[in-house]
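Since the structure comes first, as structure tokens, the remarks are kept for the end.
Bear in mind these aren't lab numbers, they're just calculated from the coordinates by the rules spelled out. Everything numeric here is computed off the predicted structure, so don't read it as measured data. Positions of Cβ are generated from backbone atoms using ideal geometry, with glycine treated the same way; all protein chains shown enter the neighbour counts.
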Amino acid sequence: MGATYPTTKGQCIKALKEKGINRHPQDLRKLELHKHSEVLNVYFKYAHAE
């Protein structure tokens, strides 16, 4: 039906790392240090653009 996307924080981080994004774009801290909602926002902004 619709596009599938990662739902857990770990899945989002793994998908972002596959795209070459290891750190949060604004503060350059590791993605693991951010809340799940912030990781999801980064995922939808950068990795889900395809």
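Brief remarks on what is shown
- Gain upon complete extension [Asn41, Gln26; 0.36 nm per residue less C-alpha separation]: 4.2 nm
- Taking label positions 7 Å along the Cα-Cβ direction at both Leu33 and Gln11, the computed distance is 2.7 nm, reported to one decimal.
- Residue by residue, region 5-21 carries 3J(HN,Hα) couplings of 9, x, 10, 8, 4, x, 5, 5, 5, 4, 5, 5, 5, 5, 8, x, 9 Hz when phi is fed to the Karplus relation 6.51 cos²θ - 1.76 cosθ + 1.60 (θ = phi - 60°); x denotes Gly or Pro.
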